[in-house]
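The next block holds one structure in the form of structure tokens; read it before the comments.
The values are calculated or read from the model by the stated rules, or taken from the named source; none is laboratory data. Source: prediction; values computed, not measured. Here Cβ is always computed from backbone atoms with ideal geometry, including for glycine, and neighbour counts include all displayed protein chains.
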Amino acid sequence: MDTVELDRAVQILQDNKERWAKLPATQKYNLIDKLIKGVLAVADRQVARALEAKGVAPNSIESAEEWLSGPFIVLRNLRLLRQSLEQITRFGVPKIKPEKIHIRSNGQVAVDVFPGSLFDKILYPGFRAEVWMQPEVHPHELRQAMASFYHESQPQGKVTLILGAGNVSSIGPLDVVYKLFVEGQVCLLKLNPVNDYLGQFIEKAFAPLIQEGFLRLAYGGADDGSYLCEHPGINEIHITGSAQTHDAIVFGSGKEGADRKRNNTPKLNKRITSELGNVSPVTVVPGEWSDGDIKFQAENVATQLTNNSGFNCNAAKVLITHANWAQRDVFLNTLRETLRNITPRRAYYPGAFSRYSRFVEAHPDAEVFGPKNADIIPWTLIPNINPEQRSDICFTEEAFCGIIAETPLQASNAADFLHKAVEFCNNTLWGTLNACIIVHPQTEAKLGSLLDQAISDLRYGSISINHWPALSYALGSTTWGAYPGHTLDDIQSGIGVVHNTLMFDKPQKSVIYGPFRTWPTPPWFVTHKTANKLAPIITKFEACPRWSLLPPVIWYALQG
């Protein structure tokens, strides 16, 4: 795109930003009805094109990932946003039943946000989720700390530039709907060149927003993005990507950029929100596990590593174990065997091979599972890293590919281990986006309140017990973003949240609780046998849940 086209796109959004800001919530949720139909209409073709781009066979088990991380999540998010907007028209804010609000022992407000319906309870048995508010939010002020844009008597329109990510198809669209429907801003979505093939499908699915002048798409490389970031018609920016890209945008590159960052003098005088990845930890609390427990949790960790070829900001990156756990070797060997049996995947994301080389050169003892060639990076485990080596690349950089490290901590018992693991996550690992704790129910019972204390002490925006924190990305009613408090010159995993369909203004973290072991196998597990058949059906179900669609969903779920 040339600058004339970019200028025209920005001007159209400027011309319509006030109209969007003042548009009644009823008209906005009517637009969402059209978006849901649009996303459904292009879903088959979008998934097929994404699979082609990533080198995944159309009918393979792995093909389920594109459904579940793409149209499924977008449709669920839209449906929940529509529900919140409808409640805003009736009650002023999204409705939360009083029994869903509770006060933690430290006085912090927490809200039960999942399950939100009978269908959620049926499809996700034993799972629940909370959003914890920042400490300054008092119980009687929760209503005032929700959907603040819709409380403004004279809302001001803004144009937001969204710099989309190149790895997962739902990221850009979900960032768009959050900025539009929660923050009241019209959007220019600049697609990443890695997946700009999505543009044709987004343009069709979101045509009602484009026709009204509330959304525009832009294409091109870094120069186009830089031009738009500095464009006077762009009021705010949202970035999904790397911390390095963020710093280049905010402070500039080279010595001048480094000086600006050191002095905290951004070259852009605009509000900038972001989601920038994480060295995602999985803490394995020691306990007495059965063979079935070990197998299930090895598949759980392997899924967190291998989904989307490892190109996820929430992929498992550091496995934290108890050095003297009697079953540590058995668990690691089961994980190794699981990785050996997972289909190798094309390393489609730019820079993957150079990143991979840096990690394995730093750790010649890295264990590889599967072939390596011009297209494939093998699943790789780097075991037994000394946790005292705080500058280790595995702790300080996100390996955006199929690598996981393991580090054993010395501790006197499970409680001591959990305390030290929290300290290690907070003070050694880079990023604050998401963390996972795996704990056997018998061990959890012995820990008592110490598990809740560990969750409270962890400085992460999403924490999941026993399952992949990607659930916090997917559920919609939970938030997705870094732990609050980062600044532009120390950005870590970013600033702000997205998704958050209940529109909390000051969330601190989302916490997901899941069973230690579930049956049937969760559909997102890489080992689910019928995920490719289940995923398209459950996607259509999410658009408009109804009893008539439930039998085939349950049937294929049970076959997994």
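Before moving on, here are some points about what is shown:
- Contact annotation: residue pairs with Cβ atoms under 6 Å, 6 or more positions apart or on different chains, pairing a residue in segment 411-432 that is in a loop (DSSP other than H, G, I, E, B) with a partner that is among the charged types (D, E, K, R), are A411/K420; T428/R390; T432/R459.
- Scanning segment 304-331 for residues that are buried (at least 23 other Cβ atoms within 10 Å of the Cβ) and in a helix (DSSP H, G or I) returns Q304, L305, T306, N307, S309, G310, F331.
- Note on segment 325-379: residues that are among the β-branched types (V, I, T) and over 20 Å from K295 (Cβ atoms) amount to 4.
- N30 vs. criteria in contact (Cβ under 8 Å) with a residue 60 or more places away in the chain and over 17 Å from T160 (Cβ atoms): no
- With respect to the conditions (1) under 19 Å from the mean Cα position of the chain (by Cα); (2) surrounded by fewer than 23 Cβ atoms within 10 Å (Cβ to Cβ); (3) of a type in the set (V, I, T), I404 lacks only one, and its number is (2).
- Taking the criterion of being buried (at least 16 other Cβ atoms within 10 Å of the Cβ), within 23 Å of the chain's Cα centre (by Cα) and closer than 23 Å to H102 by Cβ, the residues of segment 119-144 that qualify are D120, Y124, F127, R128, A129, E130, V131, W132, M133, Q134.
- Only one of the listed residues (G252, G287, G233) is over 20 Å from E397 (Cα atoms) and in contact with a strand residue (DSSP E or B) (Cβ under 8 Å, 6 or more places away or on another chain). That residue is G233.
- Pairs linking a residue in segment 78-104 that is over 18 Å from V177 (Cβ atoms) to a residue that is at pLDDT below 95 and surrounded by fewer than 18 Cβ atoms within 10 Å (Cβ to Cβ), with Cβ atoms under 7 Å and 6 or more positions apart or on different chains, are V93/R143; I101/P139; I103/P139.
- Selection status of K509, in contact with a Phe, Trp or Tyr (Cβ under 8 Å, 6 or more places away or on another chain), over 23 Å from S309 (Cβ atoms) and either in contact (Cβ under 8 Å) with a residue 24 or more places away in the chain or not basic (K, R) (or both): yes
- Only one of the numbered conditions (1) in a helix (DSSP H, G or I); (2) under 30 Å from I438 (Cβ atoms) is not met by A258, and that is (2).
- For segment 503-519, a tally of residues being under 16 Å from D120 (Cα atoms) and at pLDDT 95 or above returns 5.
- For E52, the conditions (1) outside any helix (DSSP H, G or I); (2) surrounded by fewer than 20 Cβ atoms within 10 Å (Cβ to Cβ) all hold with the exception of (1).
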